[in-house]
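Encoded as structure tokens, the structure appears first; notes follow it.
The values are calculated or read from the model by the stated rules, or taken from the named source; none is laboratory data. Just so it is clear, the model here is predicted, and its values are computed rather than measured. All Cβ positions, glycine included, derive from the backbone under ideal geometry; neighbour counts span all protein chains shown. Accessible surface is based on the protein model in full, side chains and every heavy atom, while ligands, DNA and RNA are left aside. Shrake-Rupley method; radii C 1.70, N 1.55, O 1.52, S 1.80 Å.
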Amino acid sequence: AIGGPSGLAKNIVFQAYIATNPLRQWITQPSQVMRTFAYNPQAWLSGNIVKHYGEWVAALAGGSPTEFSIFINKSGLIQSVDKQNLIRGSLLQATDSSNRAVRIAGEIATLPRKIGFDIGETINLVGHGAAVFDKYKRAGKDVTDVTVMREMHSELRAISYDMNFAGDMVYNQTSPAAVLQFMQVPHKMMLQLSNR
């Protein structure tokens with residue numbers, strides 16, 4: 001369903017609704033971090049959410065890595081933002097094409113998405129990561145231990161709606177995806193009521 005007519009239809013809907021409006025994404029994606037207040041209010045009240053954002057930005061700018069920036073980078077989520085299940089589709093395949101003209105056209109077509117959605121989703125995931133990291137750190141767990149870190153990564157994916165391929169809803173990979181692709185967000189939101 002990623003390539004062919006279904007993938008193309010799904011991608012056209014995504015481009016029209018989300019990718020062509022980067023300013024909207026700078027508001028909607030980062031604002032999703034607010035739901036972590038219910039998950040870990042102490043991280044917000046202590047200022048640790050903002051502190052961890054600062055640590056991540058500093059490390060990104062070439063500063064010394066911190067436990068938090070290492071945790072985020074090892075999650076693989078930031079590196080996979082452009083493969084998030086709302087945006088996979090034929091235009092992404094075009095940017096991987098061996099045909100130079102098709103690749104350039106694909107890169108131009110994905111520029112608004114990269115400026116809007118990708119930046120917004122990165123901010124969203126770092127905020128969710130900060131809430132998870134703070135919870136485990138405050139509980140006295142060794143956040144550098146591989147087993148603990150994997151548990152934290154699993155929790156991070158779960159509270160951020162598991163928007164990777166592994167967490168994709170079946171209807172998002174079939175012909176009705178052009179119409180149903182945005183149904184997974186409220187569907188996954190409702191699933192949070194019983195999520196581990």
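Tally up the residues in segment 151-180 that are surrounded by fewer than 18 Cβ atoms within 10 Å (Cβ to Cβ) and at pLDDT 95 or above, please.
Adding up the residues that qualify gives 1.
Give all pairs with beta carbons closer than 7 Å in which a residue from segment 96-117 that is on the phi < 0 side of the Ramachandran plot and aliphatic (A, V, I, L, M) meets a residue that is open to solvent by less than 60 Å² (accessible area, probe 1.4 Å) and modelled with pLDDT of 70 or more; count only pairs at least 6 apart in sequence or on separate chains.
Ile115/Pro22
Would you pick out the residues in segment 16-55 that are modelled with pLDDT under 70, open to solvent by 30 Å² or more (accessible area, probe 1.4 Å) and outside any loop (DSSP other than H, G, I, E, B)?
Quick first cut of segment 16-55, residues modelled with pLDDT under 70 only: 16-20.
Now restrict to residues that are open to solvent by 30 Å² or more (accessible area, probe 1.4 Å): 16-17, 20.
Residues satisfying the conditions are Ala16, Tyr17.
Please work out which residue is nearest to Pro186 (Cα to Cα), limiting yourself to segment 71-129 and to residues that are charged (D, E, K, R), modelled with pLDDT of 70 or more and buried (at least 19 other Cβ atoms within 10 Å of the Cβ).
The selected residue is Glu121.
Of all residues in segment 128-144, which are out of contact with any Phe, Trp or Tyr (no Cβ under 7 Å at 6 or more places or on another chain) and outside any helix (DSSP H, G or I)?
So in segment 128-144, the residues out of contact with any Phe, Trp or Tyr (no Cβ under 7 Å at 6 or more places or on another chain) come out as 128, 132, 134-142, 144.
Of everything in segment 128-144, those that are out of contact with any Phe, Trp or Tyr (no Cβ under 7 Å at 6 or more places or on another chain) and outside any helix (DSSP H, G or I) turn out to be Ala139, Gly140, Lys141, Asp142, Thr144.
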